[in-house]
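Notes to accompany the following structure.
The values are calculated or read from the model by the stated rules, or taken from the named source; none is laboratory data. Just so we're clear, the structure is a prediction, and the values are computed from it rather than from any experiment. Note that we place each Cβ from the backbone using ideal geometry, even for glycine, and neighbour counts take in every protein chain shown. When the accessible area is computed, the model is the full protein with side chains, heavy atoms only, and any ligands, DNA or RNA have been set aside. Shrake-Rupley method; radii C 1.70, N 1.55, O 1.52, S 1.80 Å.
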Amino acid sequence: QKEVEQDPGPLSVPEGAIVSLNCTYSNSAFQYFMWYRQYSRKGPELLMYTYSSGNKEDGRFTAQVDKSSKYISLFIRDSQPSDSATYLCAMSGGYNKLIFGAGTRLAVHP
Amino acid sequence: DGGITQSPKYLFRKEGQNVTLSCEQNLNHDAMYWYRQDPGQGLRLIYYSQIVNDFQKGDIAEGYSVSREKKESFPLTVTSAQKNPTAFYLCASSIDSGTGHSPLHFGNGTRLTVT
């Protein structure tokens with residue numbers, strides 16, 4: 001079993017939809033949780049960063065961490081075609097050893 | 001603009017040849033990393049370096065080598081010993097190698113194809 005599980009998709013939604021992306025993990029020591037967005041043929045860019053449990057909101061994006069269930073989510077409101085990308089979750093218990101999910105490919109069509 | 005520059009963007013090599021991928025950063029970050037990305041798999045850590053002249057193996061270091069002679073530069077050599085070298089290679093850096101949770105900044109990758 002992988003330490004971090006992420007559904008690869010692809011996920012296809014109409015413009016304006018609310019998108020929910022999720023990862024589950026097995027290591028209870030993870031405390032730092034990140035979401036990266038990766039456009040085709042580009043490097044990942046940091047989208048959201050959260051510590052421990054709770055919610056964090058940034059514009060149309062909300063990151064949610066539920067440590068009791070070992071489950072993290074990224075919500076995208078009012079999705080746009082420019083949100084079409086692969087979304088990678090990543091997490092760490094410290095010491096810069098980030099563990100990445102496989103990524104979920106999202107397509108938002110007009 | 002500060003950032004990480006990887007070159008070249010695309011690289012083609014014949015089997016049996018060593019090849020070196022370049023990574024330069026002007027973010028003044030202490031730590032640098034090399035990851036490999038394959039379809040359907042998460043990023044896998046090849047090597048990382050927390051300070052100049054020091055580096056550690058990651059999860060899949062076999063068939064790769066690195067050097068860190070300058071803070072700004074962390075080249076990766078893919079040797080002929082690497083059994084499946086065709087992949088997308090990503091270089092990253094982080095500001096703080098000590099606390100263990102600094103976000104990574106990535107370059108735009110090098111796509112290596114070995115035939």
What percent antiparallel are the DSSP beta bridges of the protein assembly as shown, to the nearest 5?
90
So, relative contact order of the range B:2-42 in percent, Cα under 8 Å, 6 or more apart, is 45
Considering only the other residues whose Cβ falls under 12 Å of the Cβ of A:Ala102, what net charge follows from Lys and Arg at +1 and Asp and Glu at -1?
-1
To the nearest 10 square angstrom, how much accessible area does B:Ile60 have with a 1.4 angstrom probe?
40
Square roots of five times the C-alpha gyration tensor eigenvalues of chain A, ordered largest first and given in whole Å, equal 23, 14, 12
Mean projected area in nm² (Cα convex hull; one quarter of hull surface) for the protein assembly as shown
12.5
Can you classify chain B as rounded, prolate or oblate using the Cα gyration tensor, where a ≥ b ≥ c are the square roots of its eigenvalues, rounded means a/c under 1.5, and otherwise it's prolate if a/b beats b/c and oblate if not?
prolate
Of all accessible heavy-atom area on chain B, the percent that carbon and sulfur account for (1.4 Å):
47
Length-normalised contact order of the range A:29-105 in % [C-alpha pairs under 8 Å, at least 6 apart]:
33
Over 24 Å between alpha carbons, listed pairs A:Lys56/A:Lys97; A:Lys67/B:Lys57; B:Lys14/B:Lys70:
A:Lys67/B:Lys57; B:Lys14/B:Lys70
If you keep only loop residues by DSSP, which chymotrypsin sites (Phe, Trp or Tyr not before Pro) in the range A:36-96 have at most 13 other Cβ atoms within 10 Å of their Cβ?
A:Tyr39, A:Tyr95
